[in-house]
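A.B. asks: Sharing a structure below in structure tokens format, with a few things to ask.
Derivation of every value follows stated rules applied to the coordinates shown; laboratory data play no part. These numbers were taken from a predicted model, which means no experiment stands behind them. So basically every Cβ, Gly included, is an ideal-geometry build from the backbone, and we count neighbours across all protein chains shown.
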2 protein chains.
Amino acid sequence: MSGRPPRAPKGRPERRRGRGRPEGGGAGSGSGTRSRPRPQVLSELGGDQVEGRRAVLELLTVGRRTVRRILLAEDQDPSVQLDRIEELAARLRVPVETVPRARLDAQARTEAPQGVLALARPLEPVPLEDLCRPGRGGTAPFLLVAAGITDPRNLGALLRSAECAGVTGVVLPRHRSARLSPTVAKTAAGAIEHLPFAVVGGVPSALHELRELGVWSIGLAGEAPQSLYDLPLGEGPVALVVGSEEKGLAHLVRRRCDAVAAIPQHGALPSLNVGVAGAVACFEVARQRAAAGAGTPASVPGARS
Amino acid sequence: MSGRPPRAPKGRPERRRGRGRPEGGGAGSGSGTRSRPRPQVLSELGGDQVEGRRAVLELLTVGRRTVRRILLAEDQDPSVQLDRIEELAARLRVPVETVPRARLDAQARTEAPQGVLALARPLEPVPLEDLCRPGRGGTAPFLLVAAGITDPRNLGALLRSAECAGVTGVVLPRHRSARLSPTVAKTAAGAIEHLPFAVVGGVPSALHELRELGVWSIGLAGEAPQSLYDLPLGEGPVALVVGSEEKGLAHLVRRRCDAVAAIPQHGALPSLNVGVAGAVACFEVARQRAAAGAGTPASVPGARS
């Protein structure tokens, strides 16, 4: 836990830089890119190629962004998910092309695209301050700061869990972090379609800005003496900060967190996987928020793959 | 939640069958297989080939079973983990062979063996009743029943999390479950070296037996009206039962659980990954046990990959 640091002068400009000006030059954020493939468009976030049945289904169902084209592999076994994908694509007038499996696999960037691949408008980041407003019904913001997760499977898995736990927004650093690549999108099983993302130049200054906006930040660090379970996470805006797979929280990130806490460990292994640690922490926040009546009402389903 | 079922006549014989008589004919459980490769030995559990740096390091460090041989890929960048593996191998007199990367990769059964592969005596299952005895310091048993997880990455990830949460034993069904394959071993990051495993012919009769032995079983089911957080999990022997990725808990398994509960969901996605749901549930048991003073004392580290 660190003292309240002096106000960082870079805080505000940072936020401005993050506002919808993707590195690739801003193309793709306007309209007019509808059903034309524009592979040269680079987004700060990614998300332009989505593979796997769940991820594509969620992309079409949520409808937050334009889907330009869907490729389906020939000769697939009947599947409720594939039927639903074709049905939604027809309704949304998204062109569907049936191609040989080999062609689909050649274009795929994940190991197992499950016979389906969608090309869509990339995801656009939102300004950090947008993530800090109360949600529908006055729900307090519940943010996840993925401060340097570079393995796309870890990031994707964490985003899926975070969405299920009721996280309302995600902060990603511009550098040294996985983007929303096809592997992230697939592992996230559609979570990227639901979550708003802010991209920040530096996590320390973003944490400073979060504090100014009334969000309490908690860094997860295995070696912290403070237990996560002893923190009051149930009320008010919170941001969980998860560090990199290899090095945990960077020194300055750790210093800028309002609290640093550990998930108590009871085994012989040195550490949890970063995605699982993040998930356990997200569900602890969710548990406390539900108990305090601050979270969204708990809903139905759970434990499947 | 089901009523107390009539005593299953198959309960006891089941347990006897599980007692150290692997499907491959029992070879490998005796001594004398020390440094000779015996690829024909099949174990009911597996674990005879371990890949990945953490998994091999844990295999050597724990020393629960004989390691016959280690293969290292040539021309690897210096690594503290590889140095430690060589050092431990020398101390334990395990032959280390340096081979071309291509040969190691050809023998590997995971995608990324990280330049190291160990051949070891397979893991031996223990009788179910052995898992139901109090641990050191009188710790109440805390079991995980992986009732039909077929994806090796899901099972491996769950075993790693379970070990970190203080699970004291794992129950696997003989059929329709992943074994402790190289992918499971690698994803589990060494957890398989610490956990005792029982292999059972049928999960329903195992749950019946657990009840007879005083273990309270809780099935995880997303659609259950009962919240996991409202159950008293902190005292006495408990077994968490996690179903398959696709179908969740089988009907009869569900009926035989003493309680069925959900992790409340707060997002739009239909469900958590099964390994994450299991991890969140394991850490909820750990949290309650620590609060009740029944668990092992919480120890240090946490959130890395």
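A.B. asks: Determine, for A:Val170, B:Val280, A:Val99, A:Val56, the number of other Cβ atoms within 10 Å of each Cβ, and report the residues in order from fewest to most.
C.D. replies: Ascending number of Cβ neighbours within 10 Å: A:Val99, A:Val170, B:Val280, A:Val56.
A.B. asks: Jot down the per residue volume, in cubic angstrom and as a whole number, of the convex hull over the alpha-carbon atoms of region B:164-224.
C.D. replies: So the per-residue Cα hull volume is 128 Å³.
A.B. asks: Okay, next question. Rounded to the nearest 0.05, what FRET efficiency do B:Asp230 and A:Glu223 have when you use their Cβ-Cβ distance and R0 = 30 Å?
C.D. replies: Taking R0 as 30 Å, the efficiency between B:Asp230 and A:Glu223 is 0.40.
A.B. asks: Counting Lys and Arg as +1 and Asp and Glu as -1, each charge on the Cβ, what is the dipole of region B:105-149 about the Cα centre in debye, to the nearest 20?
C.D. replies: Roughly 160 debye, rounded to the nearest 20.
A.B. asks: Per q in 0.13, 0.16, 0.17 Å⁻¹, report the Debye log10 I(q)/I(0) for region A:149-287, using one uniform scatterer on each alpha carbon and no solvent.
C.D. replies: Evaluating at q = 0.13, 0.16, 0.17 Å⁻¹ gives log10 I(q)/I(0) of -0.51, -0.80, -0.92.
A.B. asks: Run the label-point distances for B:Val80 please: 7 Å along Cα to Cβ, every other copy, nanometres, shortest first.
C.D. replies: Label-point separations across copies, in nm and ascending: 4.9.
A.B. asks: May I pose another question? Give me, ordered by chain and number, the residues 5 or more places off A:Val200 or on other chains with an amide H under 5 Å from its own placed amide H.
C.D. replies: A:Leu172, A:Arg174
A.B. asks: Testing the spin-label approximation: label points 7 Å from Cα along Cα→Cβ at A:Leu92 and A:Val80. State their distance in nm.
C.D. replies: Between A:Leu92 and A:Val80, the simple spin-label model gives 2.0 nm.
A.B. asks: Determine, from the Cβ-Cβ distance of A:Thr150 and B:Arg136 and an R0 of 56 Å, the FRET efficiency 1/(1 + (r/R0)^6), rounded to the nearest 0.05.
C.D. replies: Between A:Thr150 and B:Arg136 the formula returns 0.90.
A.B. asks: Dipole size in debye (nearest 20) for region A:74-158 around its Cα centre, Lys and Arg Cβ +1, Asp and Glu Cβ -1?
C.D. replies: 320
A.B. asks: Further question: Taking a point 7 angstrom from the Cα of B:Glu129 along the C-beta vector, which residues in region B:195-210 have backbone N less than 17 Å away?
C.D. replies: It comes to B:198-201, B:205-210, nothing else.
A.B. asks: Could you put B:Arg109, B:Arg136 in order, starting from the residue whose Cβ has the fewest other Cβ atoms within 10 Å?
C.D. replies: Ranked by crowding around the Cβ, least crowded first: B:Arg136, B:Arg109.
A.B. asks: Okay, moving on. For region A:236-299, treating each Cα as an identical point scatterer without solvent, what Debye log10 I(q)/I(0) comes out at q = 0.14, 0.18 1/Å?
C.D. replies: Debye intensities relative to I(0), on a log10 scale: -0.51, -0.79.
A.B. asks: Here is a follow-up. DSSP beta bridges in region A:180-305, what fraction antiparallel, as a percent rounded to 5?
C.D. replies: In region A:180-305, approximately 10 percent of DSSP beta bridges are antiparallel ones.
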